[in-house]
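Trainee: Encoded as structure tokens, here's the structure I'll be asking about.
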Amino acid sequence: FTPMVLVVGNHSAGKSTFINRLLGVSVQETGVAPTDDGFTVLQRHATKTEVEDGPTLLSCPENRPFKELQRFGQPFWGHFRRKRLLLPEDSIMPFGLQIVDTPGMIDMPVKSESSMAGGRGYNFLEVVRWFAKRADLILLLFDPDRPGTTGESLDVLTRSMAGLDHKFVIILNKVDQLDSSVDFARAYGTLGWALSKVIPRKDIPQIYTMYNSGVDDDKNNGKVHKLPLEAFRKKREEVVAEVLRAKTRHWDNVITATEDTLRQLEMVATVTGAVRQRVRKQSTEMLGYGVLAFGLPGLTIGRLLQLKWTGPAWVPA
């Protein structure tokens, strides 16, 4: 399976803008309102740019596990595609890495597992779970305007990504829109408090604070921002470095997954062996009880019949 980075966040959290800057070209639509309602796989191509639809991608020979997504039905296939891109030579996006852009999560609670995740037509939470389990890195982007975890984002964190927090890179994005350090502290504290309620850790998870715009934009306009944008720019570079490390993390994750599978097999073998021994022991005990219950009376009756028919054995004087 090709190494993969999953990008998840509320709508208008800056997912598509971050991906466009990572690729070096504007291929994903951006905006305040929700602009993308599907799962888009973005991958660098050496010769041309092409777009593949869902049914074509499900039979991709380079990513055979994609075929498992057939179980989510046609409503999902119609919102699944891959863009293979001919990028500029100076693009930092490496070959052999795929970025998965997801639909923006909405603040609409999921009533039940059969509600198809707020009317999307397919089980959104299960699809996110499928990608999250196979991703080598998961970027969680939050908007300062909505730094809490409510609605669909809460369900994704507690149900779709349960047990996968070791893959998380949590990002408070668009901090350049905050006007003061007080606003920044309030947004950061709110996000940290909300995450502590859904991620089972005693300490607050690490949160990267960054923004998508260039750091020189405000300088060119003669403005001085009240927040340390240079520090936030460095955090953005750290996030980009984590994305570029995904190919290395991929093999670490493969080894870890193999070890987990072997441990599970060992546990199953141990339990199966113990059950087998116990069944054998019980079978032996039942056989013994059967011999005692039926064997001795049978031997006694047979001996009596033998004495009746043949007489007592002759004993020499």
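The values are calculated or read from the model by the stated rules, or taken from the named source; none is laboratory data. Computed from a prediction, not measured in an experiment: that's the story for all the values here. Backbone-built Cβ (ideal geometry, glycine too); neighbour counts: all protein chains shown. When the accessible area is computed, the model is the full protein with side chains, heavy atoms only, and any ligands, DNA or RNA have been set aside. Shrake-Rupley method; radii C 1.70, N 1.55, O 1.52, S 1.80 Å.
Trainee: Looking only at region 77-88, which residues are open to solvent by less than 20 Å² (accessible area, probe 1.4 Å) and either modelled with pLDDT under 85 or in a loop (DSSP other than H, G, I, E, B) (or both)?
Mentor: LEU87
Trainee: Same structure again: Select from region 161-207 the residues that are under 15 Å from the mean Cα position of the chain (by Cα) and touching a residue at least 24 places away in the same chain (Cβ under 8 Å) and write down the one among them that is surrounded by the fewest Cβ atoms within 10 Å (Cβ to Cβ).
Mentor: Applying the filter and picking the extreme gives LEU164.
Trainee: Go through (1) over 23 Å from PRO228 (Cα atoms); (2) more than 20 Å from the chain's Cα centre (by Cα) for THR158 and report which single condition fails.
Mentor: Condition (2) is where THR158 drops out.
Trainee: In region 21-43, what residues are of a type outside the set (A, V, I, L, M), at pLDDT 85 or above and crowded, with 18+ Cβ neighbours inside 10 Å?
Mentor: Matches in region 21-43: PHE39, THR40, GLN43.
Trainee: Here is a list: ARG263, ARG278. Which entry is at pLDDT 80 or above, open to solvent by 70 Å² or more (accessible area, probe 1.4 Å), under 30 Å from ARG134 (Cα atoms) and basic (Lys, Arg)?
Mentor: Unique residue meeting the criteria: ARG263.
Trainee: Would you point out the residue of region 89-99, among those that are open to solvent by less than 50 Å² (accessible area, probe 1.4 Å) and not β-branched (Val, Ile, Thr), that is nearest to PRO55 (Cα to Cα)?
Mentor: GLN98
Trainee: List every residue pair whose Cβ atoms lie under 7 Å apart, where the two residues are 6 or more positions apart in sequence or sit on different chains, the first residue falls within region 65-90 and is within 19 Å of ARG129 (Cα to Cα), and the second residue, located anywhere, is basic (Lys, Arg) and at pLDDT 85 or above.
Mentor: PRO65/ARG134
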